[in-house]
1. Helix 143-157 versus the longest principal axis of the chain: what angle, 0 to 90°, nearest 10, using Cα atoms?
2. To the nearest 0.05, what FRET efficiency results for Leu346 and Ser398 with a Förster distance of 30 Å applied to their C-beta separation?
3. Can you give me the long-range amide H partners of His388? Hydrogens built in the peptide plane at 1.01 Å from N, cutoff under 5 Å, separation of 5 or more residues or another chain.
4. Please compute the Kirkwood hydrodynamic radius over the chain, one decimal place, Å, based on all pairs of different Cα atoms.
5. Please work out the C-alpha center-to-center distance from the stretch 295-319 to the stretch 178-197 and express it in whole Å.
6. Work out the FRET efficiency for Tyr20 and Phe361 from their Cβ-Cβ distance, taking R0 = 51 Å, and round it to the nearest 0.05.
7. Using the eigenvalues of the Cα gyration tensor, what equivalent ellipsoid semi-axes result for the stretch 71-148 when each is taken as the square root of five times the eigenvalue, whole Å, largest first?
8. When DSSP assigns beta bridges and you keep just the ones with both residues in the stretch 191-276, what percent turn out antiparallel, to the nearest 5?
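Only the coordinates and a few stated rules stand behind these numbers; no lab work does. All figures in this text were calculated on a predicted structure; none of them were measured in a lab. Don't worry about glycine lacking a Cβ; one is built from the backbone with ideal geometry, like all the others, and counts go over all protein chains shown.
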Amino acid sequence: MSEQENRNIAIELKGVKKQYRLGQIGGGTLTADLQSWWARVRGKEDPNIRIDQDQRLIGKTFMALNGIDLTIYQGEAIGIIGSNGAGKSTMLKLLSRVTAPTAGDIDIYGRVASMLEVGTGFHGEMTGRENVYLNGAILGMTKAEIDAKMEDIIEFSEVREFIDTPVKRYSSGMYVKLAFSVAAHLDSEIMIMDEVLAVGDINFQQKCLKKMRSAATEEGRTVLYVSHNMSTIRQLCNRCIVLDGGKIIYDGDVEEAINVYSKSVKTNDFIDNKIVLANIDRGRNYDTINELLMTELTVNSPTISMGEPFVFKMSFKTKKRKVDSVLRIVIFSKDGAVVGGTYSDLFTLYKRNNNEVGFSFCTGNLAPGTYLVDLILCSYENGVQEKHDYLSRAFSFSVLETKVHYNMQWKKAYWGNVIFDKVRVLNNGKTDSEG
């Protein structure tokens, strides 16, 4: 029997589906609903529909979740990631019993404390203290049990001076602080968090992550955490699920899950090591509006070894007779975090010339991995820099690991994307008397 089979199940989903109808559901009154029905029967325009609403959506459905099979064990910290609309929040709403599944079964073994959005579960007219009692009562706790935890909740929330103020007067940050503190300290076996930490300040975010780690590892509670911040997913979770189109496309190791999710980030593909940048949609007609334009990119290779320079050529068009230009480069890790940036020396472009310019930038401090690149083309005249052309995620390139560091492969998840120069040993352990 495997280690997982020996553990107690906290949540189990079998064939879970959630379907929503698109468009207008009802007219608000029986008369309006009958008018709309009669218009559809006759093939006429709905007299109750908004002018800007697309009638094609009426009667159509959307599968937010489409056949989810998932088993979560007690004490696991599970990250749930995916693009907007993948079904992450819908899954958490089903687990929190905010809505019911269209099909399938959900078994939950334990009490659930959830934070799906700012203010969920709070009554605006009640004070912070009264809302703590309300949430505890919903979980089935007695007043004496809540009283025993009240001081810890207030201390953790950092809103002591406002605890007897109606929460409708709280800022969004204060809401989150108290709501998280309530969810973390009351007696629940399962904690569900949906991107709510983005509202709190950075110190409180770290405090919450530490508390959730403690809840999973020391208290044996189950934590489900949805976030677009891959750094917090790495810090908290020991397992990660990737959702796409309402289905689970990966379930397992956190770093591999992030890699699977990152593949959905679109970049422009090299064809024979070349990208025709003029064919890329920049969002507006740069050919007629901009005086400077990037038109083509050619690389020696989109894959380089550690320490090698990245060499490429670019072609440009300009409507000016002569202009001094600068190319700015911003590098991102594959999960979207900014790694750093650089910029070129000044180079001159001419209106009638075939403006092809070669570039080379050092990658000596980049850790192995795949990187995304933004390109910004600027003019530089009389000490003033002006942006003319911008390509978001213009292309990607990969750095291959060619050496180990004292018999250790580089662990990017823990050590980051930048390898600093070696630390110099100044005296090699000698004392003054020995030197």
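1. 20 degrees
2. Step by step, r from the Cβ atoms, then E = 0.50.
3. Amide H to amide H, under 5 Å and 5 or more residues apart or across chains, His388 pairs with Leu377, Cys378, Ser379.
4. Details: mean 1/r = 0.0379 Å⁻¹.
Hydrodynamic radius (Kirkwood, Cα only) of the chain equals 26.4 Å.
5. 48 Å
6. 0.60
7. Working: eigenvalues 144, 55, 31 Å².
After scaling each eigenvalue by five and taking roots: 27, 17, 12 Å.
8. 60 percent
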